[in-house]
Amino acid sequence: MPLKEAHRLLIALQDLDIMIKEAKDKSTSKELESLGFKLTGLEELQDARSKLAKKISPTVLQRYKKLTGRYTMAILPVTGDLCLGCFVKLPTSFFSSINRDLLQTCENCGRLLYIP
């Protein structure tokens, strides 16, 4: 699987996880419903999540699961030369053409990073 595809799948998985978490959280769901949002389709979200997770390699999925136990956002874009998780400046080797398409990790916080 091309790496850009892996990034896309991980980002979609993270978005689904956040939506599922918000739908399950009673205080958040009541607040959203009071604003006029109907929270239905939790089962569909969970089905979509399981189908998507099957498309991701087991080792990458395991890294993602470990990170989501620690952080809300496990995969983040790089802006400028900063990790948007911990705002630490990344080394110049991060941006080399050799590493550009690899799934990289922030040396400080350990989150998965991608260059948009």
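The values are calculated or read from the model by the stated rules, or taken from the named source; none is laboratory data. Because the structure is predicted, anything quoted here is derived from the model rather than measured. Here the Cβ positions follow ideal geometry from the backbone for every residue, glycine too, while neighbour counts run over all protein chains shown.
Could you count how many residues in the range 1-23 are surrounded by 15 or more Cβ atoms within 10 Å (Cβ to Cβ) and under 16 Å from residue 75 (Cβ atoms)?
Qualifying residue count for the region: 11.
Conditions (1) of a type in the set (D, E, K, R); (2) over 17 Å from the mean Cα position of the chain (by Cα), marked per residue:
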site	(1), (2)
17	yes, no
22	yes, no
25	yes, yes
60	no, no
68	no, no
72	no, no
90	no, yes
104	no, no
113	no, no
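Pick out the one residue from 13, 39, 32 that is modelled with pLDDT of 85 or more and out of contact with any His (no Cβ under 8 Å at 6 or more places or on another chain). Before you say what the answer is, go through the steps one by one.
Values: 39 fails: modelled with pLDDT of 85 or more; 32 fails: modelled with pLDDT of 85 or more.
Testing whether each residue is modelled with pLDDT of 85 or more and out of contact with any His (no Cβ under 8 Å at 6 or more places or on another chain) leaves just 13.
Identify all residues within the range 89-103 that are touching a strand residue (DSSP E or B) at 6+ places or on another chain (Cβ under 7 Å) and either under 16 Å from residue 14 (Cβ atoms) or in a loop (DSSP other than H, G, I, E, B) (or both); write none if there are none.
Filtering the range 89-103 for residues touching a strand residue (DSSP E or B) at 6+ places or on another chain (Cβ under 7 Å) gives 89-90, 94, 103.
Passing the criteria: 90, 103.
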